[in-house]
Amino acid sequence: MTQTVFTGNFTQQEPIPEAAIDAAVAVMRSGRLHRYNTAPGDDGEVAKLEQEFADAVGAKYCLAVASGGYAMGAALRAVGVGPGDKVLTNGFTLAPVPGAIAAVNAVPVFVEVTESLTIDLEDLSLKAKTSGSKVLLLSHMRGHLCDMDRLMEICNAASIQVIEDCAHTMGGAWRGVASGRHGLMGCYSTQTYKHINSGEGGLLVTDDAEMMAKTIMLSGSYMLFERHKAAPPPEVFADVKYVTPNVSGRMDNLRAAILRPQLADLPAQVARWNVLYRAVEDGLRNTPGLQVIERPPEESIVGSSIQVLLPGIAPAAIEAVVAGCKARGVELKWFGAPEPAAFTSRYDSWRYAPAQSLPKTDRILAGLLDMRLPLTFSVADAGIIAEIIRDEVLAVHVPV
Ligand SMILES: *Cc1c(COP(=O)(O)O)cnc(C)c1O
């Protein structure tokens, strides 16, 4: 019997749109790449991107920076997190999140994950009261949004400030409110594997004038903050400008130029991602031994990656599924492997943080498989991928 094999490439993104390439060439011809090196009468690409992104998510203010990790670090500094402070965060996330906490010499306190792959609100409730932490760096890991209304109730009741890591949820929403707009600040990434692509880059939004003034100063605005558009008025900077260090991390006009056309296309791209996502999900549903992650109706998803659980399948059998899929061209990442590989590190791999015990997270990650869905895949590809995964899971599944 010949087996279906998939030949697509899981790390191949779409090309940068022609309009974005033209805009980039125009910036290069002008020689004005630094965001504050603007011609008279021109706001510059970065300031325009900030205004457009603020409008897209319904925020008062926006700052474009060098990376998503930089945005999180600036947000933590702006809320006043300092050396030795504890910061609540997800036990299941990617390395830049605890890294941003470590970068300000603060201490991550990890919160358990649920089978929906969202932060465990019971564990959060407990740790909000007992950890001594005043800030939650909430990661919407792999695009899964928790009950944001409930989360904000818990955090408000405990006077905990919420900073949202929306690296995987740009374009997503909870009950119609854009991801990044529930907490005090929202941080996004424009790195190649996220939803708009400038190689590296980040965005930070807030409605809080003082927080925005601080992060603008942090990013390295010198005294040029009046050149910003999606920013508070100069009087807000009156004190901030003397007491906020310059920790350079600006975005440049070249990156902003290629992001603006992509931002305009984002709603259409999200719709395409979700068609692929639902095609894989439908193909995997009702596979014995495999659990799809049900998405709540309040959540507007961006299906740029998909996760499934293989609860109760032994580690060696999961390894066989991953190897079997790989041999047939389907790249799955397993979060339960003893050693971190590629982007699959987890809380117990981050040994700069104090050792913590998260038994529920251990149990869930032991069966968690993850797969990217680049927009270079077709709906037919999605069907083939699902068929291959289904076959390989059935091959190891022992009915109970
Ligand atoms: C990519 C990513 C970030 C930000 O990453 P940068 O590479 O610094 O832009 C933050 N959180 C998560 C979960 C990510 O995957």
Note: among Arg351, Arg372, Arg346, Arg363, just one is more than 22 Å from Gly99 (Cβ to Cβ) and of a type in the set (D, E, K, R), namely Arg363
Of Ile160, Ile154, the only residue that is aliphatic (A, V, I, L, M), in contact with a Ser or Thr (Cβ under 6 Å, 6 or more places away or on another chain) and away from the ligand (no atom under 11 Å from the Cβ) is Ile154
Is there a residue in region 247-259 that is assigned to a loop (DSSP other than H, G, I, E, B), assigned by TED's automatic domain parsing to the domain that holds His144 and among the β-branched types (Val, Ile, Thr)?
yes
Result of the Cβ filter at 9 Å on region 80-103, keeping first residues that are of a type in the set (Gly, Ala, Ser) and partners that are within 10 Å of the ligand (Cβ to nearest atom) and in a loop (DSSP other than H, G, I, E, B), at least 6 apart or interchain, is Ala95/Phe343
Within region 166-206, restricting to residues that are charged (D, E, K, R) and near the ligand (Cβ under 10 Å from one of its atoms), the one that is surrounded by the most Cβ atoms within 10 Å (Cβ to Cβ) is Lys194
The condition of being among the basic types (Lys, Arg) and part of a helix (DSSP H, G or I) holds, among Arg351, Arg363, only for Arg363
Matching residues in region 72-93 (crowded, with 18+ Cβ neighbours inside 10 Å and assigned to a loop (DSSP other than H, G, I, E, B)) number 6
On the basis of being in a helix (DSSP H, G or I), out of contact with any Cys (no Cβ under 9 Å at 6 or more places or on another chain) and not hydrophobic (A, V, I, L, M, F, W, C), does Gln307 make the cut? no
Looking across region 44-68 at residues that are of a type in the set (Val, Ile, Thr) and assigned to a helix (DSSP H, G or I), the single one that is farthest from Arg227 (Cα to Cα) is Val57
Being surrounded by 16 or more Cβ atoms within 10 Å (Cβ to Cβ) and more than 21 Å from Ile364 (Cα to Cα) narrows Ala257, Ala271 down to just Ala257
### Task
With the condition kept exactly as written, say whether any residue in region 64-72 is more than 16 Å from the ligand (Cβ to nearest atom) and either within 18 Å of His168 (Cβ to Cβ) or out of contact with any Lys or Arg (no Cβ under 8 Å at 6 or more places or on another chain) (or both).
no
Picked from region 117-147 (must be crowded, with 19+ Cβ neighbours inside 10 Å and touching a residue at least 60 places away in the same chain (Cβ under 8 Å)), the residue nearest to the ligand (Cβ to nearest atom) is Arg142
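The values are calculated or read from the model by the stated rules, or taken from the named source; none is laboratory data. Computed from a predicted model, the values in this text were never measured in an experiment. Cβ: placed from backbone, ideal geometry, glycine included. Neighbour counts: every protein chain shown.
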